[in-house]
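Trainee: Sharing a structure below in structure tokens format, with a few things to ask.
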Amino acid sequence: MGDPSCLYSHTLHRQGYVLGRREAPADSHQLQHSHTVHVSSLLPSSVCSPSAKALDKKSSLQVVHKHGPCSQLHQDKANIPTHAEVLLQDEARVKSIHSRLGRKPGSSDVDETDAAQLPAKDGSVVGSGNYIVTVGLGTPKKGLSLVFDTGSDITWTQCQPCAKSCYKQRDPIFAPSQSSTYSNISCTSTACSSLTSATGNSPGCASSACVYGIQYGDSSFSVGFFAKEKLTLTPTDEFDNFLFGCGQNNQGLFGGSAGLLGLGRDQLSLPSQTASKYKKFFSYCLPSSASSDGFLAFGYGGGVSKSVKFTTLSTVSQGESFYGIDITGISVGGQKLSISASLFTTAGTIIDSGTVITRLPPTAYAALRSSFRQKMTQYPRAQALAILDTCYDFSKYSSVSIPKISFFFSGGVEVPIDAKGILYANSISQVCLAFAGNSDDTDIGIVGNTQQKTLQVVYDGAGGRIGFATGACS
């Protein structure tokens, strides 16, 4: 950064220099199709700068990154994973999604005495995402920070007395005995048998109480009583008899959160259980960095940007609880890649709030990578970071110019990815293209949360559509 030309980077960009190095003068086409990114903005600040402008605060919750300064969980620094660890966990999550889509539902049973024997490959989705919201549970209500996840259905939290084990969480652990509205679900009820589709495991039974078990692909798990309780989402929105898991044996990488809020499509998910009020309609905006915030809003009253564009929600075979979406093309720097749309159709794609890095069919990723590298030849390369194979060293620059990337979805919907959704920075000297290829063109594609940053993503379950609007939070 000692280069005096830093001060003039904007002017120099226009004159065809990049920080002291001459390059071919950029034509207006190139400027129009690239983002100028300040290198210092690629790393999150250690100070929380809340920004979220939820369009209507009544039915919305603040969203924060679980490891960022806006999260109360952030104070336990020892639990913050490195970027390489985050990407390894992400790879495990993707493998578990792929394995979940290739098996029969209800193929394993829960044994409440030894949850650790739940087969990891059959578990639900790993990790559990990076973004948390705070909801109220019980009477009197207790605030709980939960990771929200569109790739999971059942909502659960750790519960006293933690009969077998609880991991360390920031909020006080929920105590059912202190709530006047808590009750267990009986083994013989239909609600109990509905756990099979929501968790991939058949329920167990302990003293006539229904026992749920859910395991994630990284060997994290939660087992406990399936129960009903009053859920308070916002000061005006309360739901009696909300079905959730009260975890008595919990282990894993939940980053100090109290549990998980399931936003999938199964009948036990939060959107399904609150459908009479919200009509399975919700939206969120994930902040551009861990030092800012976003929102999760429910119902039409949650407010939707005027500029939202909708595409059709599709259903993935054997993955009915995932939100399927049809990619038809990708552009880099304003140029559509020559990839046949059938490549995306063959594999199918889901949009997922819990996967970090977007996964594409390897043929599509190769085309994206090749075009991106071609437009980034002026910058020195850096070594790969876990699954990210296209990395750059920006340590000698104060600002850089990167090609814009857009996704195209069925119905002709173009969604431009925010500049912060194109790059993943480990450090200024290792900034990577934030996409990866699957191992096979038949593996399902995943639109991950890095690429969703600053977009308002609207899920209209009843209307069978998904919408996108740009610039909904910063």
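Trainee: Of all residues in the range 82-137, which are exposed (fewer than 15 other Cβ atoms within 10 Å of the Cβ), modelled with pLDDT of 50 or more and assigned to a loop (DSSP other than H, G, I, E, B)?
Mentor: 82, 102, 103 - these are the residues of the range 82-137 that are exposed (fewer than 15 other Cβ atoms within 10 Å of the Cβ), modelled with pLDDT of 50 or more and assigned to a loop (DSSP other than H, G, I, E, B).
Trainee: All but one of (1) in contact with a Pro (Cβ under 9 Å, 6 or more places away or on another chain); (2) modelled with pLDDT of 95 or more; (3) of a type outside the set (S, T, N, Q) hold for residue 417; state the number of the condition that does not hold.
Mentor: That leaves (1) as the condition not met.
Trainee: Identify, please: which residue in the range 186-209 is open to solvent by less than 30 Å² (accessible area, probe 1.4 Å) and assigned to a helix (DSSP H, G or I) and is, among those, nearest to residue 270 (Cα to Cα)?
Mentor: Here the residue is 198.
Trainee: Across the range 343-380, what is the number of residues that are farther than 30 Å from residue 263 by Cα and of a type in the set (D, E, K, R)?
Mentor: Our first condition is that a residue be farther than 30 Å from residue 263 by Cα; within the range 343-380, this holds for 363, 366-380.
Next, only the ones that are of a type in the set (D, E, K, R) stay: 369, 373, 375.
Number satisfying all stated conditions: 3.
Trainee: Restricting to the range 375-397, what's the tally of residues that are of a type in the set (S, T, N, Q) and modelled with pLDDT under 95?
Mentor: So the first thing to find is which residues in the range 375-397 are of a type in the set (S, T, N, Q), and the list is 377-378, 383, 390, 395.
With modelled with pLDDT under 95 added as a condition, the list becomes none.
Looking only at that region, the number is 0.
Trainee: In the range 391-399, is there at least one residue being assigned to a strand (DSSP E or B) and in contact with a Ser or Thr (Cβ under 6 Å, 6 or more places away or on another chain)?
Mentor: The first filter runs over the range 391-399 and keeps only residues assigned to a strand (DSSP E or B), leaving 391-392, 399.
Filter once more, keeping what is in contact with a Ser or Thr (Cβ under 6 Å, 6 or more places away or on another chain): 399.
Yes.
Trainee: Out of all the residues in the range 427-446, which are under 11 Å from residue 356 (Cα atoms) and touching an Asp or Glu at 6+ places or on another chain (Cβ under 7 Å)?
Mentor: Keep residues of the range 427-446 that are under 11 Å from residue 356 (Cα atoms), which gives 434-436, 446.
Scanning the range 427-446 gives a single hit, 446.
Trainee: Give me the pairs: first residue in the range 391-414 and closer than 15 Å to residue 425 by Cβ and assigned by the TED database to the domain that holds residue 328, second residue surrounded by 16 or more Cβ atoms within 10 Å (Cβ to Cβ) and of a type in the set (D, E, K, R), beta-carbon distance under 9 Å, and six or more apart or on different chains, which are they?
Mentor: 402/375
Trainee: Please work out which residue is nearest to residue 295 (Cα to Cα), limiting yourself to the range 425-471 and to residues that are open to solvent by 20 Å² or more (accessible area, probe 1.4 Å) and in a strand (DSSP E or B). Talk me through it step by step, then tell me what you get.
Mentor: First pass over the range 425-471, keeping only residues open to solvent by 20 Å² or more (accessible area, probe 1.4 Å): 426-430, 437, 439-443, 453, 461-465, 470-471.
Next, from what is left, pick out any that are in a strand (DSSP E or B): 426-427, 430, 437, 453, 465.
Numbers: 426: 25, 427: 27, 430: 30, 437: 29, 453: 11, 465: 20 Å.
Filtering first and then ranking leaves 453.
Trainee: I'm trying to understand the selection: among the residues of the range 329-373, which are within 24 Å of the chain's Cα centre (by Cα) and in a strand (DSSP E or B)?
Mentor: Across the range 329-373, the qualifying residues are 329, 330, 331, 332, 349, 350, 351, 358, 359, 360.
Trainee: Answer yes if at least one residue in the range 252-272 is open to solvent by 40 Å² or more (accessible area, probe 1.4 Å) and without any contact (Cβ under 8 Å) to a residue 40 or more places away in the chain, and no otherwise.
Mentor: Scanning the range 252-272, I find no residue that is open to solvent by 40 Å² or more (accessible area, probe 1.4 Å) and without any contact (Cβ under 8 Å) to a residue 40 or more places away in the chain, so the answer is no.
Trainee: Are any residues in the range 138-165 more than 18 Å from residue 232 (Cα to Cα), open to solvent by 40 Å² or more (accessible area, probe 1.4 Å) and either hydrophobic (A, V, I, L, M, F, W, C) or under 25 Å from the mean Cα position of the chain (by Cα) (or both), and if so, which ones?
Mentor: 163
Trainee: Can you name the residue in the range 357-400 that is closer than 28 Å to residue 328 by Cα and of a type in the set (Phe, Trp, Tyr) and is also surrounded by the fewest Cβ atoms within 10 Å (Cβ to Cβ) among such residues?
Mentor: Among those residues, the one meeting the criterion is 372.
Trainee: Sticking with this structure for a sec: Going by what's in this entry, would residue 339 be described as open to solvent by less than 20 Å² (accessible area, probe 1.4 Å) and more than 19 Å from residue 231 (Cβ to Cβ)?
Mentor: On the way: open to solvent by less than 20 Å² (accessible area, probe 1.4 Å): no; more than 19 Å from residue 231 (Cβ to Cβ): yes.
No, not satisfied.
Trainee: Something else now. For the range 422-447, what are the residues that are of a type outside the set (A, V, I, L, M) and touching a Leu at 6+ places or on another chain (Cβ under 8 Å)? Outline the logic, then answer.
Mentor: Start the filter on the range 422-447 by keeping residues that are of a type outside the set (A, V, I, L, M), which leaves 424, 426-427, 429-430, 432, 435, 437-443, 445.
Selection gives 424, 426, 427, 430, 432, 435, 437, 438, 441, 445.
Trainee: Of all residues in the range 294-326, how many are more than 14 Å from the chain's Cα centre (by Cα) and over 21 Å from residue 265 (Cβ atoms)?
Mentor: From the range 294-326, those more than 14 Å from the chain's Cα centre (by Cα) are 297-321, 324-326; that's our starting set.
From the residues that got through so far, the ones that are over 21 Å from residue 265 (Cβ atoms) too are 301, 303, 305-307, 309.
Within the range 294-326, residues that are more than 14 Å from the chain's Cα centre (by Cα) and over 21 Å from residue 265 (Cβ atoms) number 6.
Trainee: Now a separate question. If residue 277 satisfies all but one of (1) under 24 Å from residue 454 (Cα atoms); (2) surrounded by fewer than 20 Cβ atoms within 10 Å (Cβ to Cβ), what's the number of the condition it fails?
Mentor: If we test residue 277 against (1) under 24 Å from residue 454 (Cα atoms); (2) surrounded by fewer than 20 Cβ atoms within 10 Å (Cβ to Cβ), just (1) comes out false.
The values are calculated or read from the model by the stated rules, or taken from the named source; none is laboratory data. It should be emphasised that the depicted structure is a prediction, and the values quoted were computed from it without experimental measurement. Note: ideal-geometry Cβ built from the backbone for every residue, glycine included; neighbour counts use all protein chains shown. When the accessible area is computed, the model is the full protein with side chains, heavy atoms only, and any ligands, DNA or RNA have been set aside. Shrake-Rupley method; radii C 1.70, N 1.55, O 1.52, S 1.80 Å.
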